[in-house]
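Can you read through this structure? Questions will come right after.
Laboratory data are not the source of any read-out in this text; all were calculated from the coordinates shown. As the structure is a computational prediction, the values presented were derived from the model and not from experiment. Note that each Cβ is placed from the backbone with ideal geometry, even for glycine, and that neighbours are counted across all protein chains shown.
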């Protein structure tokens, strides 16, 4: 009778050990299978974030190019405009472009966004400064010519540094 009890206990221990080890290894295998998609998802999320960052940098560089005075005046000026009308149209265009790109600050570095705002401030300041020297009812061509003259003076209007600073910041942020 003792041998039967010993045999039953041994069989129960063996079955318990097999069940435990099976459960243990299946659980580990299941964890590995479940964690792999999460890791792949995290890698995919990282790639998607990088794509968003690159796109955001592209858009703010495009914004800076679009508010550059020469191109901005060429796109906005109409021959019948007064100084006041041209100034309002330039300001409106800059504001609309900025509002359209404001969400890009989520994906670019703080320095890049400050540089973007600095470019906008420089353009607005030069337009305002030149408009103060002209009568609001003067022909808008006078404002356009004065802005073109301003652009030629690189000591006063050093706008080319903004895209370069953004590109450098992008290189540091993306890597």
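Does segment 159-175 hold any residues that are without any contact (Cβ under 8 Å) to a residue 60 or more places away in the chain, under 20 Å from residue 123 (Cα atoms) and in a helix (DSSP H, G or I), and which are they?
Taking segment 159-175 and keeping what is without any contact (Cβ under 8 Å) to a residue 60 or more places away in the chain, we get 160-161, 164-165, 168, 171, 175.
So of that shortlist, the ones also under 20 Å from residue 123 (Cα atoms) come out as 160-161, 164-165.
Within segment 159-175, 161, 164, 165 meet the criteria.
Considering every residue within segment 106-113, establish whether at least one is under 13 Å from the mean Cα position of the chain (by Cα), touching a residue at least 60 places away in the same chain (Cβ under 8 Å), in a helix (DSSP H, G or I) and closer than 28 Å to residue 173 by Cβ.
Narrowing segment 106-113 to residues under 13 Å from the mean Cα position of the chain (by Cα): 106-113.
Among the residues that remain, those that are also touching a residue at least 60 places away in the same chain (Cβ under 8 Å) are: 108-109, 112.
The next check asks that each one be in a helix (DSSP H, G or I); those that pass are 112.
Those still in the list that are closer than 28 Å to residue 173 by Cβ too: 112.
Yes, segment 106-113 contains a residue that is under 13 Å from the mean Cα position of the chain (by Cα), touching a residue at least 60 places away in the same chain (Cβ under 8 Å), in a helix (DSSP H, G or I) and closer than 28 Å to residue 173 by Cβ.
For residue 123, indicate whether it is in contact with a helix residue (DSSP H, G or I) (Cβ under 7 Å, 6 or more places away or on another chain), surrounded by fewer than 19 Cβ atoms within 10 Å (Cβ to Cβ) and more than 18 Å from residue 79 (Cβ to Cβ).
no
So for segment 63-83 (the condition being touching a strand residue (DSSP E or B) at 6+ places or on another chain (Cβ under 8 Å) and part of a helix (DSSP H, G or I)), does at least one residue qualify?
Within segment 63-83 (the criterion being touching a strand residue (DSSP E or B) at 6+ places or on another chain (Cβ under 8 Å) and part of a helix (DSSP H, G or I)), the answer is yes, since at least one residue qualifies.
Looking at 130, 166, which is the one that is closer than 14 Å to residue 69 by Cα, touching a helix residue (DSSP H, G or I) at 6+ places or on another chain (Cβ under 6 Å) and crowded, with 16+ Cβ neighbours inside 10 Å?
From the options 130, 166, the qualifying one is 130.
Condition (residue is assigned to a helix (DSSP H, G or I) and either in contact with a strand residue (DSSP E or B) (Cβ under 6 Å, 6 or more places away or on another chain) or over 24 Å from residue 151 (Cα atoms) (or both)) applied to segment 119-136: is it met by at least one residue?
Let us first name the residues in segment 119-136 that are assigned to a helix (DSSP H, G or I), namely 119-132.
Those left that are additionally either in contact with a strand residue (DSSP E or B) (Cβ under 6 Å, 6 or more places away or on another chain) or over 24 Å from residue 151 (Cα atoms) (or both): none.
No - not one qualifying residue is present in segment 119-136.
Residue 114 - would you say it is surrounded by 11 or more Cβ atoms within 10 Å (Cβ to Cβ) and within 27 Å of residue 46 (Cα to Cα)? Break it down into steps so the answer makes sense when it comes.
Numbers: surrounded by 11 or more Cβ atoms within 10 Å (Cβ to Cβ): yes; within 27 Å of residue 46 (Cα to Cα): yes.
Answer is yes for this residue.
Just checking, how many residues over segment 137-152 are exposed (fewer than 13 other Cβ atoms within 10 Å of the Cβ), in contact (Cβ under 8 Å) with a residue 40 or more places away in the chain and either within 37 Å of the chain's Cα centre (by Cα) or in a helix (DSSP H, G or I) (or both)?
First pass over segment 137-152, keeping only residues exposed (fewer than 13 other Cβ atoms within 10 Å of the Cβ): 137, 149, 152.
Of the ones still in play, those that are also in contact (Cβ under 8 Å) with a residue 40 or more places away in the chain are 137.
If we keep only those that are either within 37 Å of the chain's Cα centre (by Cα) or in a helix (DSSP H, G or I) (or both) too, we end up with none.
Qualifying residue count for the region: 0.
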